[in-house]
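Following: one structure in structure tokens, then a few remarks.
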Amino acid sequence: MRILLLGKHGQLGWELQQTLPYLGEVVALSRAEADLAQTDSLRDVLNELAWDALVNAAAYTAVDRAETEADAARQVNSNAPRIMAEEAKKRNALFLHFSTDYVFDGLKSEPYCETDTPNPSGIYARTKLEGERAIQDIGGLNFIFRTSWVYSMTHKDNFVAKVIQWASRQSELRAVTDQTACPTWARALAELTSLALFRIMQMGGSWASEHCGMYHIASADFVNRYELTRYIVQRLNLPVTVKPALTQEFPSPVSRPAFSALSSTRFAQTFNLRVPGWREMLDLALDASP
């Protein structure tokens with residue numbers, strides 16, 4: 001299989017470059033090589049290359065900045081996935097796209113399923129939902145994987161890496177108790193994605209057509225940011241104190257969902273894969289950290 005990967009320098013894209021080559025020939029492109037904000041040139045790039053599967057690991061993820069850069073967020077998160085879905089459908093190719101738990105409002109008290117109705121708050125979340133719906137409207141062999149609180153030990157712009165950075169400079173950390181989700185290690189997400197793609201390849205086009213659609217892939221259980229921070233500090237034996245706080249103590253131009261845990265049951269059952277819990281993922285990530 002010839003696989004085209006977009007977003008190779010991101011934390012998920014970097015990990016996918018390690019796992020996807022087991023499935024076939026991989027061409028991985030950066031923003032400089034395929035700018036999702038330039039939709040005309042993006043279509044040209046997609047047309048110039050030969051591929052049987054398109055994996056989009058690129059996105060506009062600056063949640064706060066999106067409030068003042070709505071056009072840029074919409075180009076990358078909504079318009080670009082629409083073009084990808086159109087081009088994939090033309091050649092009857094697979095299209096794997098990643099979305100976010102932030103499409104939900106966070107008012108639920110148990111993990112969100114794929115059938116729950118999204119209700120996003122803020123430009124970032126709304127444009128991600130627009131991208132999902134554009135892909136669904138176009139149809140084809142599309143698999144949308146919503147995930148949650150992705151982190152990486154090779155990239156530093158994520159919550160887990162920041163906690164470790166903060167702990168090296170401060171004797172006390174404050175973390176919120178009223179934001180809960182499923183912390184997901186980028187490497188585990190890449191491995192699960194690649195195994196799912198292998199399953200799709202193995203089963204063939206009719207199976208893919210029957211099972212394409214929306215799936216949640218995130219750690220199999222959930223935690224709030226305060227408990228997550230405490231676990232990191234204790235696991236690494238860092239000499240810092242962690243104190244509880246509330247989201248309202250950290251002003252932001254856009255609200256985050258209070259509870260956005262995702263249920264990965266449908267994914268696990270469809271692809272016959274075990275999804276690890278957040279502690280197992282985090283232990284592996286910390287042990288693998290350079």
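The values are calculated or read from the model by the stated rules, or taken from the named source; none is laboratory data. Every value quoted in this text rests on a predicted model; they were computed, and no experiment measured them. When we count neighbours, we look across all protein chains shown, and the Cβ atoms used for this are built from the backbone with ideal geometry, even at glycine.
Of the residues making up segment 63-82, not a single one is touching a Phe, Trp or Tyr at 6+ places or on another chain (Cβ under 9 Å), under 19 Å from residue 216 (Cβ atoms), surrounded by fewer than 24 Cβ atoms within 10 Å (Cβ to Cβ) and among the hydrophobic types (A, V, I, L, M, F, W, C).
Listed by first and then second residue, the pairs linking a residue in segment 82-101 that is in contact (Cβ under 8 Å) with a residue 40 or more places away in the chain to a residue that is basic (Lys, Arg) and assigned to a strand (DSSP E or B), with Cβ atoms under 9 Å apart and 6 or more places separating them unless they lie on different chains, are 98/146; 99/146; 100/146; 101/146.
Just checking, does segment 181-192 include any residue being small (Gly, Ala, Ser), within 15 Å of residue 98 (Cβ to Cβ), touching a Cys at 6+ places or on another chain (Cβ under 8 Å) and surrounded by 17 or more Cβ atoms within 10 Å (Cβ to Cβ)? For segment 181-192, residues small (Gly, Ala, Ser), within 15 Å of residue 98 (Cβ to Cβ), touching a Cys at 6+ places or on another chain (Cβ under 8 Å) and surrounded by 17 or more Cβ atoms within 10 Å (Cβ to Cβ): absent. Taking the criterion of being under 26 Å from residue 143 (Cα atoms) and over 16 Å from the mean Cα position of the chain (by Cα), the residues of segment 258-275 that qualify are 259, 265, 266, 268, 269, 270, 271, 272, 273, 274. For beta carbons closer than 8 Å, sequence separation of 6+ or different chains, a first residue in segment 258-287 that is under 15 Å from residue 150 (Cα atoms) and a second that is part of a helix (DSSP H, G or I) and of a type in the set (Ser, Thr, Tyr), the qualifying pairs are 260/102; 279/231; 282/231.
Among the residues of segment 222-255, the one identified as surrounded by 21 or more Cβ atoms within 10 Å (Cβ to Cβ) and either in a loop (DSSP other than H, G, I, E, B) or among the acidic types (Asp, Glu) (or both) is 222.
In segment 2-24, the residues that are within 22 Å of residue 92 (Cα to Cα) and at pLDDT 95 or above form Cβ pairs under 6 Å with partners that are of a type in the set (Ser, Thr, Tyr) and outside any loop (DSSP other than H, G, I, E, B), at six or more places apart or across chains, as follows: 20/194. Within segment 204-221, the presence of a residue that is touching a helix residue (DSSP H, G or I) at 6+ places or on another chain (Cβ under 7 Å), surrounded by fewer than 22 Cβ atoms within 10 Å (Cβ to Cβ), of a type in the set (Val, Ile, Thr) and modelled with pLDDT of 95 or more is excluded.
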